[in-house]
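Peer 1: Have a look at this one before I ask anything.
The values are calculated or read from the model by the stated rules, or taken from the named source; none is laboratory data. The structure presented is a predicted model; accordingly, all values stated were derived computationally and were not measured. Backbone-built Cβ (ideal geometry, glycine too); neighbour counts: all protein chains shown. Only protein heavy atoms, including side chains, enter the accessible area calculation; ligands, DNA and RNA are left aside. Shrake-Rupley method; radii C 1.70, N 1.55, O 1.52, S 1.80 Å.
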Amino acid sequence: MLLFLVIPLIMSSCIQKKQQREVKQYTIEQFMDNISIFGSSFSSEEEKVLFTSNESGIYNAYEVSVEGGDPKQLTKREETTRALSYFPNDKRIILMSDKGGNELYHIYVRQENGNIKDITPYEKARSSFLGWAHDRESFFFASNKRDPRYMDYYEVPLRTMEAKRIYKNTEGYNLGAISNDTKWLAFSKTITSTNNNMYLYNRESKEMKLLSKHEGEATYYPVDFTADNKFLYYRTDKNSEFDYLSKMNLETGASEKIYEADWDVMYVSHSYNKKYRVIGINRDAQTVVKVFNMETGKEVNFPDFENKNVTSVNISESEDLMAFYVSGSKSPGNLYVYNFNTGDYNKLTNTLNPDINTKDLVEEEVVHYESFDGMEIPA
């Protein structure tokens, strides 16, 4: 009887060994051949998406159809070049690049004929693009050309392309939001890593007003203004373990909590006409993105990518399309476009080295370990 029991066990063991697949080993060079991409901007017709890629060996500007297909390389610079944005009404492109890795970034414009011009040619100074005015007649940037310690803030009207300083920064304010009418600038100012203040600046009266009078330690980060310019959205951890979203009445100073979670609200953004709100939450060492329709108050049925990270959400000006990135332990980040009207989405890039089989890779797992005070830390 014992013999009959042993034979099936041996046969079962042999079958299991045959079913086990041999895992291929890869070199570090093969993993380094994965393509790295980031950023997104919709063209004025919303037919293409601009992004940055190192497919050529050096980061340069690329574009791809919202329907997918082979990306097209737009710049072939020998310096690392970041693609930031299409112009609102034509095919010009805003770029950013330093020289030889000196981190003194300049802002460039790629003309429709491919010529590239440095529009912030300030020696020993760095500049950063801040975005477009709501009327799309100008854009904003920051530069420390006046004082290496501080970033001043500038506006560039498209009709002249001549920069005009809108705020001389002598105290280390950080710009967080600009109102639709460009009258108001919302700043934060760091005190410590766990304590700061929030301010409102009136461009007409030149008045700077403290918005976050508080005792103890709390952080405040302005996010956006409402369309009527009467309220300011901001992130704060006042009286809370985690950051949450609040809204302040700029006339009365009264605030109300808008959204909170059991984790930090990492970032908040709104679409062009405020139809959608995007909230990024740092949940258990993973980024969770939620999109809300502000007209209905309901959450958008965003695609489920299981345990993958969804990041860098960007909604088109028409509010019909949304670009975003998806990455995981078995795949580097890829660019997607989602259609709000149909609920369909397209994967626009494939950044994994084709020599690598994802079946050979291991799915990540969030684990927790106990700190000295008993708190569980995700990793």
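Peer 1: Please tell me if Lys257 is of a type in the set (Lys, Arg), assigned to a loop (DSSP other than H, G, I, E, B), surrounded by fewer than 19 Cβ atoms within 10 Å (Cβ to Cβ) and over 22 Å from the mean Cα position of the chain (by Cα).
Peer 2: No, not satisfied.
Peer 1: Here is a follow-up. Just for segment 314-329: of the residues that are modelled with pLDDT under 95 and not in a loop (DSSP other than H, G, I, E, B), which one is least open to solvent (accessible area, probe 1.4 Å)?
Peer 2: Result: Val326.
Peer 1: Can you name every residue in segment 336-362 that is closer than 15 Å to Val326 by Cβ, open to solvent by less than 90 Å² (accessible area, probe 1.4 Å) and in contact (Cβ under 8 Å) with a residue 40 or more places away in the chain?
Peer 2: Val337, Asn346, Leu348, Thr349, Thr351, Leu352
Peer 1: Is it the case that some residue within segment 254-261 is acidic (Asp, Glu) and more than 27 Å from Ser41 (Cα to Cα)?
Peer 2: yes
Peer 1: Looking at segment 82-119, which of its residues are more than 22 Å from Glu55 (Cβ to Cβ) and of a type in the set (A, V, I, L, M, F, W, C)?
Peer 2: Phe87, Leu104, Ile107, Val109, Ile119, listed by residue number.
Peer 1: Return a yes/no flag: does segment 26-41 have any residue that is open to solvent by less than 50 Å² (accessible area, probe 1.4 Å), at pLDDT 95 or above, among the aromatic types (Phe, Trp, Tyr) and not in a loop (DSSP other than H, G, I, E, B).
Peer 2: Within segment 26-41, not a single residue is open to solvent by less than 50 Å² (accessible area, probe 1.4 Å), at pLDDT 95 or above, among the aromatic types (Phe, Trp, Tyr) and not in a loop (DSSP other than H, G, I, E, B).
Peer 1: Anything in segment 86-106 that is assigned to a strand (DSSP E or B) and out of contact with any Leu (no Cβ under 7 Å at 6 or more places or on another chain)? List them, or say none.
Peer 2: Selection gives Ser97, His106.
Peer 1: In segment 204-226, what residues are within 18 Å of Thr182 (Cα to Cα) and open to solvent by 40 Å² or more (accessible area, probe 1.4 Å)?
Peer 2: Glu204, Ser205, Lys206, Glu207, Met208, Lys209 - these are the residues of segment 204-226 that are within 18 Å of Thr182 (Cα to Cα) and open to solvent by 40 Å² or more (accessible area, probe 1.4 Å).
Peer 1: Right, something else. Being part of a loop (DSSP other than H, G, I, E, B) and open to solvent by less than 20 Å² (accessible area, probe 1.4 Å) is the filter here; which residues of segment 143-172 pass it?
Peer 2: Answer for segment 143-172, where residues must be part of a loop (DSSP other than H, G, I, E, B) and open to solvent by less than 20 Å² (accessible area, probe 1.4 Å): just Asn169.
Peer 1: Answer yes or no: is there a residue in segment 287-296 that is open to solvent by less than 50 Å² (accessible area, probe 1.4 Å) and at pLDDT below 90.
Peer 2: Yes - at least one qualifying residue is present in segment 287-296.
Peer 1: Determine, yes or no, whether Asn239 is over 22 Å from Asp320 (Cα atoms), touching a Ser or Thr at 6+ places or on another chain (Cβ under 6 Å) and either open to solvent by 20 Å² or more (accessible area, probe 1.4 Å) or not basic (Lys, Arg) (or both).
Peer 2: No, not satisfied.
Peer 1: Let me ask something additional. For segment 174-184, does any single residue satisfy the condition of being open to solvent by 20 Å² or more (accessible area, probe 1.4 Å), in a loop (DSSP other than H, G, I, E, B) and closer than 24 Å to Asp264 by Cβ?
Peer 2: No.
Peer 1: In segment 267-286, which residue that is open to solvent by 40 Å² or more (accessible area, probe 1.4 Å) and of a type in the set (Phe, Trp, Tyr) is farthest from Gly328 (Cα to Cα)?
Peer 2: Per the stated criteria, the residue is Tyr272.
Peer 1: Within segment 42-55, how many residues turn out to be small (Gly, Ala, Ser) and either over 30 Å from Glu112 (Cβ atoms) or open to solvent by 20 Å² or more (accessible area, probe 1.4 Å) (or both)?
Peer 2: Number of matching residues: 1.
Peer 1: Still on this model: Check whether at least one residue in segment 205-212 is at positive phi and outside any strand (DSSP E or B), and report yes or no.
Peer 2: yes
Peer 1: Which of the residues spanning segment 56-83 are more than 30 Å from Phe340 (Cα to Cα) and either open to solvent by 50 Å² or more (accessible area, probe 1.4 Å) or of a type in the set (D, E, K, R) (or both)?
Peer 2: Ser56, Gly57, Ile58, Tyr59, Lys76, Arg77, Glu78, Glu79, Thr80
Peer 1: Do you know which of the residues in segment 125-179 that are among the small types (Gly, Ala, Ser) and touching a Lys or Arg at 6+ places or on another chain (Cβ under 8 Å) is farthest from Asn195 (Cα to Cα)?
Peer 2: Within segment 125-179, the match that is farthest from Asn195 (Cα to Cα) is Ala125.
Peer 1: Just to be sure before I move on: is Phe302 under 24 Å from Arg235 (Cβ atoms), outside any strand (DSSP E or B) and not polar (S, T, N, Q) in the structure I sent?
Peer 2: yes
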